[in-house]
Every structure is written in structure tokens, then in C-alpha cells.
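K.L.:
This is the structure I have questions about; it appears just below.
The values are calculated or read from the model by the stated rules, or taken from the named source; none is laboratory data. All figures in this text were calculated on a predicted structure; none of them were measured in a lab. Virtual Cβ from ideal backbone geometry, glycine too; neighbours counted across all protein chains shown. Heavy atoms of the whole protein, side chains included, go into the accessibility calculation; ligands, DNA and RNA do not. Shrake-Rupley method; radii C 1.70, N 1.55, O 1.52, S 1.80 Å.
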Amino acid sequence: MKYVYSYEFPVGRYYIAEADGAITDISTYTVEGAQTKETPLISKAAEQIREYFNGRRKAFDLPLNAVGTGFRKRVWDAMLEIPYGETKTYKDMAELAGNVKACRAAGGACGANPISIVIPCHRVIGSDDSLTGYGGGLHIKTALLELEQRYRRDVY
């Protein structure tokens with residue numbers, strides 16, 4: 001069974017879902033087919049996201065299960081390695097996922113990221129340092145990057 005519960009964060013309402021003991025979704029839209037219930041794991045994820053917004057959390061400690069193709073999973077795994085407050089390009093993500101020529105596919109993987117904030121697709125930018133695309137809107141991507149810059153010096 002998949003469960004979902006929503007929370008208000010500084011950048012808007014997010015829906016957090018879990019199934020089989022792992023977070024499957026963190027998104028700005030509801031999760032189809034999930035039963036509304038605040039589970040201990042969903043509550044833990046929400047608390048860690050609150051800590052992130054308060055500058056007290058730089059890395060998440062949650063079991064994740066992002067469903068996608070092999071390439072997308074490799075891109076998402078690569079995103080998890082981007083340090084707090086830093087950015088990488090779509091080309092970097094393609095290279096880390098094993099195909100340097102798959103920049104557009106890496107962009108597609110970013111757009112399909114089901115676990116936003118925790119899998120930090122907001123840290124992926126264009127090769128010219130432009131902020132391109134973000135499922136929740138560029139205003140949210142900008143806010144997340146600015147938040148990390150503000151608290152970057154306090155990494156622990």
C-alpha cells in the first residue's frame with residue numbers, strides 16, 4: 001500500500017508518499033492511487049525537510065525508492081552526490097550516469113525526478129549556468145538554491 005500526506009513548506013505545499021518502508025514521492029502534486037495517511041516515515045521526511053528549510057539539515061537520511069528506468073536511476077543517484085550548495089550541469093549528470101552524449105535524457109531524468117528536494121534536481125543547471133526547467137517552477141528552484149547559498153557556510 002502506498003500512503004501520502006501533504007505539508008506546507010516555505011515554497012508551497014508538498015505531497016510526501018511512501019510504500020514498503022521507503023519514500024517514493026515528494027512533489028507539488030498529489031500522488032495518484034495513494035491512501036491519505038501520515039505514517040511515521042512520512043512524518044520523519046517532513047521533519048527533515050523542515051530542518052532543511054531552517055538551515056539545520058544539509059543531507060537527508062531517508063530510505064528512498066524512486067521508480068524509473070536504469071538511466072534515470074543513475075542520474076538520480078548522481079544528483080544525490082552533488083554537495084549541498086553546489087551545482088552540476090546536465091552534461092555532468094549525463095557523464096556520471098554513463099553517457100556523456102545524453103544531456104537531454106539527463107534533463108528528462110531531472111524533470112521526472114519523483115523525490116524532489118531530497119534528490120536535489122534543483123542543483124542541476126544549464127552548461128551556461130542558466131536555471132533551466134524545474135517541475136515545481138523556476139521560482140522554487142531559485143528559492144532552493146538561494147537557501148543553500150545562505151546556509152552553505154554552516155555545513156555540518
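K.L.:
Pick out the one residue from R56, R50 that is basic (K, R) and modelled with pLDDT of 95 or more.
P.N.:
R50
K.L.:
Could you please find all residues in the range 28-54 being exposed (fewer than 14 other Cβ atoms within 10 Å of the Cβ) and among the aromatic types (F, W, Y)?
P.N.:
Within the range 28-54, just Y29 meets the criteria.
K.L.:
Would you mention how many residues in the range 98-145 are surrounded by 19 or more Cβ atoms within 10 Å (Cβ to Cβ) and part of a loop (DSSP other than H, G, I, E, B)?
P.N.:
Of the residues in the range 98-145, 10 are surrounded by 19 or more Cβ atoms within 10 Å (Cβ to Cβ) and part of a loop (DSSP other than H, G, I, E, B).
K.L.:
Where residues in the range 1-27 are without any contact (Cβ under 8 Å) to a residue 40 or more places away in the chain and touching a Pro at 6+ places or on another chain (Cβ under 9 Å), which of them is most open to solvent (accessible area, probe 1.4 Å)?
P.N.:
Start the filter on the range 1-27 by keeping residues that are without any contact (Cβ under 8 Å) to a residue 40 or more places away in the chain, which leaves 1-4, 6, 8, 13, 15-18.
Okay, now just the ones that are also touching a Pro at 6+ places or on another chain (Cβ under 9 Å), so 17-18.
Details: A17: 0, E18: 21 Å².
Taking the candidates together, the pick is E18.
K.L.:
Quick check on I82: is it touching a helix residue (DSSP H, G or I) at 6+ places or on another chain (Cβ under 6 Å), touching a residue at least 40 places away in the same chain (Cβ under 8 Å) and either in a strand (DSSP E or B) or crowded, with 18+ Cβ neighbours inside 10 Å (or both)? Spell out how you get there, then give the answer.
P.N.:
On the way: touching a helix residue (DSSP H, G or I) at 6+ places or on another chain (Cβ under 6 Å): yes; touching a residue at least 40 places away in the same chain (Cβ under 8 Å): yes; either in a strand (DSSP E or B) or crowded, with 18+ Cβ neighbours inside 10 Å (or both): yes.
Yes.
K.L.:
Could I ask something else about it? Tally time: how many residues in the range 59-79 are more than 13 Å from the chain's Cα centre (by Cα) and open to solvent by less than 60 Å² (accessible area, probe 1.4 Å)?
P.N.:
Residues meeting the conditions: 4.
K.L.:
List the pairs whose first member sits in the range 28-47 and is on the phi < 0 side of the Ramachandran plot, whose second member is hydrophobic (A, V, I, L, M, F, W, C) and part of a helix (DSSP H, G or I), and whose Cβ atoms are under 8 Å apart, counting only residues at least 6 apart or on separate chains?
P.N.:
As it stands, the answer is T28/I140, since those pairs meet every condition given.
K.L.:
Does V118 qualify as being out of contact with any Gly (no Cβ under 9 Å at 6 or more places or on another chain), at pLDDT 95 or above and among the β-branched types (V, I, T)?
P.N.:
Judged against the criteria, V118 is a match.
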